Structure formats: C-alpha cells, structure tokens
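Heads up: the structure comes next, in structure tokens.
Just so you know, all these numbers are worked out from the coordinates, no wet-lab data involved. Given the structure is predicted, the values throughout are model-derived calculations rather than measurements. Counting neighbours? That spans all protein chains shown, and the Cβs are built from the backbone with ideal geometry, glycine included.
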Number of protein chains: 2
Amino acid sequence: MKSYFYLLPILFSAFILNAQTPSHTIAEKLGYPANSKLLIIHADDAGVSHSENIATIKGLEEGVVNSASIMVPCPWFPEIAAYAKKHADSADFGLHLTVTSEWKDYKWGPSASKNEVKSLIDPNGYFYHLVDSVKMHGNAKDVEKELDNQIQKALSYGIDVTHFDAHMGAVMSTPEFLKAYIKKGREYKVPVLLNSKIEALSELGDFELTEKDVMVDSVYQAYPEVYTSKGMEIFYEEILNDLQPGLSCILIHLAVNNEEMMAVTKEHPMWGSQWRQDDLDFFTGEKVKKLIADNNIILVTWKEIRDKIVRGE
Amino acid sequence: MKSYFYLLPILFSAFILNAQTPSHTIAEKLGYPANSKLLIIHADDAGVSHSENIATIKGLEEGVVNSASIMVPCPWFPEIAAYAKKHADSADFGLHLTVTSEWKDYKWGPSASKNEVKSLIDPNGYFYHLVDSVKMHGNAKDVEKELDNQIQKALSYGIDVTHFDAHMGAVMSTPEFLKAYIKKGREYKVPVLLNSKIEALSELGDFELTEKDVMVDSVYQAYPEVYTSKGMEIFYEEILNDLQPGLSCILIHLAVNNEEMMAVTKEHPMWGSQWRQDDLDFFTGEKVKKLIADNNIILVTWKEIRDKIVRGE
C-alpha cells in the first residue's frame, strides 16, 4: 500500500488554516493586530456639485479623510473623475452608486439609456427623489443595468475603483437590489459597503455571504437629528473616543457652503450646505488628528481591503 | 352667361392684400410705425447653471433684458423652469435648443433616451463638445427627436414657450438640421430665431420660408474678439447708437462671476464667467436705459411676435 503519511503535515496545516480563517479579524487580514481599531473616514457624494468636489479634494489633501465615493450620473462627475484618475496612486475613490436624484432644482438621470431603465425614472426623465419611490417602482434588473453603466463609465474614465457604496442606501433598500449590489462587487472584485444594520440583509434567503463580502462593524453618520441636538463636533468626538476594535466607517459629506451648494440643497437644511461645511471644518481641523492619535485609531482605506482581502489569496 | 362681376370687389381686395402683405414690416405687423427700431435684448443659456439662472432672473427683473431662452437638457433646468412657469404672464421664455455640451468638467446629455439619439452623443453619453462634431456625426432624424423631447419636457413643466433658438447655432449648422428646427417652430406655432447670415439658409433647396418664418434683420453678440479689443461696453453702446429700423436682437449671456461659473467655464476665458458678469453689469446698469431712450428704440418680445405674427391672422 502506498503511504500517504507524507501528506499529513500538509493536510494538518490546511485544516488549521480552514479552522482559523473564519476567526481571523479584518485587522489581521490587513496585517494589523487582531484588536486594532480600524477606521475609514469616508466622504460620500463626490461629483454631485463643484462645491462638493473641491471640498472633497480639500478633505483628502488637507484633512484626515482617506476615502471617498463618486456619483457617476451627476453633472460634475467628469471633474472628480479627472482628479481620481490623476491621483489613483495616492487617493482612494470608490463609486457612490446612485439611483436617486433628491434635490429640488438641480437634477440628474441614469447613466443607462432612459428607456432601458424605465422603472428607475420619473415622468421628467430623472431618477426619483426618494428611496421609497425607487423601492415602489424600481426593478432589480434595471438597477443592475444602471449599476453596470455607472461602473463601466467610471472605469472608462480611468478611475481605479476601490469599492462600491450606495447613495441614500437606495441600492441596499430591498433584498433584490442588495443582491444586485453585492453581485456587482464580486463581479468587479471590489468590496461593497455592508453592515449588519442593513435591513434587507436578513431577507437574502439562500443568497449567502462569503468571507470576501467584507462586513463593516460600525457605520456612523451625522444624521439630521445630530445636527440639531448635540452638534457635529461633539458627535464626532464621542465616536472617536468610544471607537471599538474592528472596522468602522464614518460617512461624511463635504462641501463648501457657497451659493451653488445652498441652491443645490434648497429646502433641505438638514442635509444642507452648512452641515456639509461643518464636516469639512471638523475633518480638516486639528482636533480630529489628536483624537485619532490619542485613541490609537488606525486609518485604513478601501483599497487595502480590496487588495488584501477581496483580491488577496 | 352667369355674371361674376359681383366677385370683382372681393377679388380686388384679395389682390391688394396679397400685394401689400409682403411689404408690411414686422414693426407694422406688431402695431408700430413701419420704420421703428425694434429690439429684443435676449439672454441665452438659462438653465446651464445656478449662476446663470440667478443672473438671468436679475437681468429680467432689474435690467432691460426682455427675453431669455432655456436649455432643457441642463442640470439646472428645473430651477429656471419653475421661475418661467410662475412668471409666464410677465416674462418671455423660449427654448435654447441644445445638442452640445461644451464645458470641460460639467456635462449633460440628451433629453431623449441615449440609444434613440445615438448620433448626437459621445462615447461618455454626453452631447459632443463642438458643433463640428454634431455636424460630422449627427443625423437630422435624431436632432428632430431630441428637439421634440426638449419641447415636450418644457411644455410639461408649464413653460409658456415663446420662441426657439439654437445653442451655439448647432441646430442651424446644416440644411437638414435647420429644416428640422424651422419645422419644429411651425409645428408648435412659435417663432424661431432666423437671420440672413445663417449659412445653411441658402442651402434649403425647395424648402421655402413663409411670412410666418420671421427673419430678424440684425443679430448681435459680443464674440470673444470684442472682449479683447474694444470691450463690451463700447461694443453695446455702438450697437444701440447705430441701430437701424427693423427687428434686431442682441444675444447676451448672463451669469454671476462666482466659483461655480468659473468652474463651469474652466479653460474657456473667452466665453467665460467674467464675460457673462460684464453682460449682467451692462444690461442692469443705467447707461443702457438712457441709450435705449435716446435712440428711440422699442423693446419687443418674442411673445408679441408669436402672438401677433406666428399665431395671428
């Protein structure tokens, strides 16, 4: 009988690896100590306006902001796309996949042909204002087609896409949309922002997540009620002082509070122009740097996660 | 033999009418003395940006500007459309029919589905930058479809469309486009801006103009070379002091020279932000009012022309 004992060490190490892999933390996979406090400080909405673009660039260049995501269907997409292409080595840009057009006087529609994604557009040819309208009218096939168009367009502009996330959470808002979104991440081998609090996650049925579908442990965002209660600065201070080990993400929205941005956000004071300027001020200020250092927070990018986990062995 | 003599007076008056109608000047048709100096001070490009919208509104409300035209495919269309609807009784808004997207970092595409007007879009899904590209790639069927979409959308927003004109002259740039443009004017019973200097007019073949296709005698615009030679103020002063009897039109472009407009017009100093601010300053100033009064110039609107000539008996 041929002896296979020489295989035992290999089989044993494979067993150990299999047993251990699930328990490896994201931090370990990225090469940090298991209990590291990892943080992505992430600017949403790049491309929505010139104001948003210049503020996002300022946040990345002068602040602690270390990742951002771009709205491909928006009018100012080419401006931020050119910046992202030029700074592909140093900056971390993903796509803020977009199927809503939420402002009053300033609108955009799909990247796909309108008649190919009819369920996503309102009678004026724009995306719907509200996520609820997308949930009511949209079908997953159209969502998938639109996402493909946005991704292909971003790639054609030379953006080294590091991740996907979801503008207003619209493409996470139903189980079918969420599946399309996760599948796009797998197809293009980029991480997609996922977090256990996404309601539709519990309704995926037999669609199973894998270890490559990276879950962010905690996602923070200064919702309107924060703005009117404790204020942005205290809100962010508390997050940074209380940050737990694991992978966290603070979603911010950077804009210069100027005439353009005030007009874009007209009648939306709570997601408004000054709220965005406050984000810019805090995340380009000195206090945030000290809070990050004092709390031993390690800033990580989506590109690290993409290359070491999603595209890694 | 039956006598037809009783028809003579009728035939005679019909002959007189036929003989006289062509010699009626536009001024007479509008109810002014035959040799009046009629002028439309017309702001192009409304809808292109927020800056352009607020400046256009300022020009109409505080200046001598008495007509404007709106670019339907542009992102800020809904803002100016809402204003136009609200001020339909007092303001004169036409459509600045658009098949180009000329700026570098800020883009728009067709109102029609992209796959229905393929000859009008570049590989990124936007309109081409240049009129020459539209002439090279565009076909008249697609132009007509796109114009229909823009017109229908404007009407659905409640704009009382007074006239059509052509952004960058693109839809006047070939005989076939020009025919489509004139036909749209006839179809919707609105005047379209026409002037004998339009090159394609001489190439219309057996497509004949009628008395309802109103020709503007003189069209003025501060081309880039004006800006660098005599300057805008002297240019406009000379036009107003030398204005001839007939129907004239000064095409101006109003914007506030702010961060948004500087970014929109990046690398286009000659059609740029300050050039537009100069227009705003001149046409909301005191000097222009005096020049109009001193030269006995009568300001007329496209709505008058539409209602008294195109829709009149």
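Here are the numbers for this structure:
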{"item": "Distances in nm from A:His87 to the matching label points in the other copies, shortest first (labels 7 Å along Cα to Cβ)", "result": "3.9"}
{"item": "Long pairs among A:Lys104/B:Lys114; A:Lys179/A:Lys308; A:Lys179/A:Lys289; A:Lys141/A:Lys189, criterion Cα-Cα beyond 26 Å", "result": "A:Lys179/A:Lys289"}
{"item": "Cα-based shape type of the stretch A:14-310, given that a ≥ b ≥ c are square roots of the gyration tensor eigenvalues and the cut on a/c is 1.5", "result": "oblate"}
{"item": "Helical mean residue ellipticity (222 nm; -39500 (n - 2.57) per DSSP H run of 4+; nearest 500) of chain A", "result": "-11500 deg cm²/dmol"}
{"item": "In sequence order, calculated HN-Hα J values of the stretch B:289-299 (Karplus, 6.51, -1.76, 1.60; Hz; x Gly/Pro)", "result": "5, 5, 4, 5, 5, 4, 9, 6, 8, 9, 7"}
{"item": "Shortest-first nm distances, B:Glu187 label point to equivalent points in other copies (7 Å, Cα→Cβ)", "result": "3.6"}
{"item": "Bridge type composition, the stretch B:14-310 - antiparallel percent by DSSP, nearest 5", "result": "5"}
{"item": "Chain A: most fluctuating residue of A:Lys118, A:Lys37, A:Lys290 per GNM, C-alpha cutoff 10 Å", "result": "A:Lys290"}
{"item": "Contact order normalised by residue count of chain A, Cα under 8 Å, 6+ apart, percent", "result": "24"}
{"item": "Two-site label geometry, B:Asn195 and A:Ile234: point separation in nm, points 7 Å out along Cα→Cβ", "result": "6.2"}
{"item": "Amide H within-cut-off set for B:Trp108, under 5 Å, with H built and near neighbours excluded", "result": "B:Phe127"}
{"item": "Under-5 Å amide H pairs with A:Ala46, H placed in peptide plane, nonlocal only", "result": "A:Ser69, A:Met71"}
{"item": "Tilt relative to chain B, helix B:140-156 - C-alpha long axis, 0 to 90 degrees, to 10", "result": "90"}
{"item": "Distant-in-sequence amide H partners of B:Val219 (H built 1.01 Å from N, under 5 Å)", "result": "B:Cys249"}
{"item": "Three-way shape label, the stretch A:147-212, alpha-carbon gyration tensor, a/c 1.5", "result": "prolate"}
{"item": "Where N is the number of residues in the stretch B:206-246, Cα Rg divided by 2.2 N^0.38 Å", "result": "1.64"}
{"item": "Gained length - A:Tyr32 relative to A:Asn115, 0.36 nm times residue gap less alpha-carbon distance", "result": "25.1 nm"}
{"item": "Sites B:Asn295 and B:Asn139 - FRET efficiency at Förster radius 41 Å, r taken between beta-carbons, to 0.05", "result": "0.40"}
{"item": "Note, ³J(HN,Hα) from phi for the stretch B:33-45, Karplus 6.51, -1.76, 1.60, rounded to Hz, x at Gly and Pro", "result": "x, 3, 9, 5, 8, 9, 9, 10, 9, 10, 8, 7, 6"}
{"item": "Under 12 Å from B:Lys183, Cα to Cα: aspartates and glutamates that are on another chain or at least 8 residues apart", "result": "B:Glu144, B:Asp148, B:Glu208, B:Asp213"}
{"item": "Chain A: angle of helix A:273-283 to the longest principal axis, Cα-based, in degrees nearest 10", "result": "40"}
{"item": "Integer Hz, Karplus 6.51/-1.76/1.60 couplings in order for the stretch A:264-269, x for Gly and Pro", "result": "4, 8, 3, 6, 10, x"}
